[in-house]
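Dumping the structure here so I can ask a few things about it.
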Amino acid sequence: MTFLRSSILAASVAVVIGLALSGQADAADRRVRIVNNTSYTMVRFYASRVSSGSWEEDILGESTLRPGRSVRIDIDDGSGACVYDFKAVFSDGDAVIREGVNVCKVGEYTYND
């Protein structure tokens with residue numbers, strides 16, 4: 001009987017440890033500071049999971065990001081994904097796309113001229 005209790009206890013501990021470890025990826029910080037170090041105002045910014053196949057909504061919305069300014073954005077869309085494509089559109093009409101940004105590892109992303 002003691003062996004059975006020990007086995008059940010060990011299995012329970014293994015399940016709890018497994019759940020805790022699997023939750024670590026989901027709890028990753030997906031906040032990224034977007035820095036506009038260009039000469040133009042950023043008028044739109046998109047971040048879409050690489051598996052999405054299309055651009056999600058404009059994260060800036062009614063706001064813009066002037067030259068020399070930054071904004072901290074929580075990229076978390078609830079999917080648990082870490083790798084996103086970024087698209088920034090500037091007031092001069094240029095669009096800059098960066099594919100495969102790991103938002104779980106990158107705390108800041110800077111756009112330069």
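The values are calculated or read from the model by the stated rules, or taken from the named source; none is laboratory data. Owing to the predicted nature of the structure, the values given are computational and were not obtained by experimental measurement. Note that each Cβ is placed from the backbone with ideal geometry, even for glycine, and that neighbours are counted across all protein chains shown. Ligands, DNA and RNA are stripped out before the accessible areas are found, and what is left, the full protein with its side chains, is counted by its heavy atoms. Shrake-Rupley method; radii C 1.70, N 1.55, O 1.52, S 1.80 Å.
Going residue by residue through the stretch 84-92, is there one that turns out to be of a type in the set (Phe, Trp, Tyr), closer than 21 Å to residue 106 by Cα and modelled with pLDDT of 85 or more?
Yes.
If only one of 53, 18 is surrounded by fewer than 14 Cβ atoms within 10 Å (Cβ to Cβ), at pLDDT below 95, out of contact with any helix residue (DSSP H, G or I) (no Cβ under 9 Å at 6 or more places or on another chain) and on the phi > 0 side of the Ramachandran plot, which one is it?
Result: 53 is the single residue among 53, 18 that is surrounded by fewer than 14 Cβ atoms within 10 Å (Cβ to Cβ), at pLDDT below 95, out of contact with any helix residue (DSSP H, G or I) (no Cβ under 9 Å at 6 or more places or on another chain) and on the phi > 0 side of the Ramachandran plot.
Going by the conditions given, is residue 32 modelled with pLDDT of 95 or more and not polar (S, T, N, Q)?
Yes: the conditions hold for residue 32.
Across the stretch 64-76, which residue is modelled with the lowest pLDDT among those that are open to solvent by 70 Å² or more (accessible area, probe 1.4 Å) and under 11 Å from residue 31 (Cα atoms)?
Looking at residues that are open to solvent by 70 Å² or more (accessible area, probe 1.4 Å) and under 11 Å from residue 31 (Cα atoms), I get 76.
Scan (1) without any contact (Cβ under 8 Å) to a residue 60 or more places away in the chain; (2) open to solvent by less than 40 Å² (accessible area, probe 1.4 Å) for the single condition residue 35 breaks and write down its number.
(1)
While we're on this one: Restricting to the stretch 88-113, what's the tally of residues that are assigned to a loop (DSSP other than H, G, I, E, B) and either of a type in the set (A, V, I, L, M, F, W, C) or surrounded by 18 or more Cβ atoms within 10 Å (Cβ to Cβ) (or both)?
3
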